[in-house]
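Worksheet: one structure, shown below.
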């Protein structure tokens, strides 16, 4: 009777093959054979191309990554503005937004606070390849020669426009041409 119990505990070669083991001793011990080559794991694909987000909302995921968590977007925000509160505001994804738009090789995302009727708004403007970026922050209704949208690029305030952050591609092009990819027009 003892021999039957032992036979039942040690699988045959056929049973080991069914269980995925290389041999009966591997299955019996639960330890892999270190002399066998390790199975190669597929490398995870990198993040999706930024251009794939055109027409999507910032929280729409592409290949499991939303726009605001895309490594190139996080880097673009960090490169554009050094103020941690503004960085957090841009990357928070809070409040009201529209889809990401394209303009002259750039991506543009804009948010506003609906409680302020849109006068508090912020935006990210970046090259589709992630090489250059700018952040816009408007904290209240624009007043000519007094207050408006602050634009940041390369970690510093670049300029102020006495208008809110642009809403549409045409507004964006009128205000910024193709900056920050190329110099700001005078």
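The values are calculated or read from the model by the stated rules, or taken from the named source; none is laboratory data. What you are looking at is a predicted structure, and each value in this text was computed from that prediction instead of being measured. Ideal geometry is used to build each Cβ from the backbone, glycine not excepted, and the neighbour counts take in all protein chains shown.
Which strands (runs of 3 or more DSSP E) does region 71-186 wholly contain that include 1 or more residues that are at pLDDT 85 or above, out of contact with any strand residue (DSSP E or B) (no Cβ under 6 Å at 6 or more places or on another chain) and farther than 29 Å from residue 45 by Cα? Steps first, answer last, please.
Numbers: elements: 101-103, 106-112, 120-127, 133-143, 147-153, 156-161.
By residue number, 156-161.
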Selection status of residue 42, at pLDDT 95 or above, in a loop (DSSP other than H, G, I, E, B) and over 17 Å from residue 91 (Cα atoms): no
Flag for residue 68 being free of Cβ contacts under 8 Å to residues at least 24 places away in the same chain, outside any loop (DSSP other than H, G, I, E, B), surrounded by 14 or more Cβ atoms within 10 Å (Cβ to Cβ) and touching a helix residue (DSSP H, G or I) at 6+ places or on another chain (Cβ under 6 Å): no
